[in-house]
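What follows is calculated from the coordinates using simple rules that are stated; it is not laboratory data. Just so you know, these numbers come straight off a predicted model, no measurement behind them. Every residue, glycine as well, gets a Cβ built from its backbone with ideal geometry; the counts of neighbours run over all protein chains shown.
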Amino acid sequence: MKREKLKVFGSKVEFAAFGKSTLAYTRQMNSDEIRLKFPDADDLPEGVDMWALFGADGEPLAIADEQDLLIDNAESRSLLAVSLQ
């Protein structure tokens, strides 16, 4: 599956309001950063790069070690996933 980069126009607030029920974004993060956003992920090993899925409004949705797993997760929630890097 080919992935295309999308450029988001407008403010973060406008993006969140526009995409709340239709868009999500993936972001590669260190497991230490993920623990700050996902309080239930306290059993993650330290210093490991992982992927996180967030709703357009920044709501933490899921974490995985592969981005494709999060894209599948977004699709199962009827969300279009974009990558922020």
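So the values come out like this:
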item: Cα-based shape type of the stretch 12-83, given that a ≥ b ≥ c are square roots of the gyration tensor eigenvalues and the cut on a/c is 1.5; result: prolate
item: In sequence order, calculated HN-Hα J values of the stretch 26-32 (Karplus, 6.51, -1.76, 1.60; Hz; x Gly/Pro); result: 9, 8, 7, 9, 6, 4, 5
item: Stretchable slack from residue 33 to residue 72, in nm (0.36 nm times residue separation minus alpha-carbon distance); result: 11.8 nm
item: Label-point separation, residue 43 to residue 83 (7 Å along Cα→Cβ), nm; result: 2.9
item: Integer Hz, Karplus 6.51/-1.76/1.60 couplings in order for the stretch 56-65, x for Gly and Pro; result: 4, 8, x, 5, x, 10, 7, 10, 7, 8
item: 57, 42, 32 arranged by Cβ crowding within 10 Å, fewest neighbours leading; result: 42, 32, 57
item: Bridge type composition, the stretch 12-83 - antiparallel percent by DSSP, nearest 5; result: 75
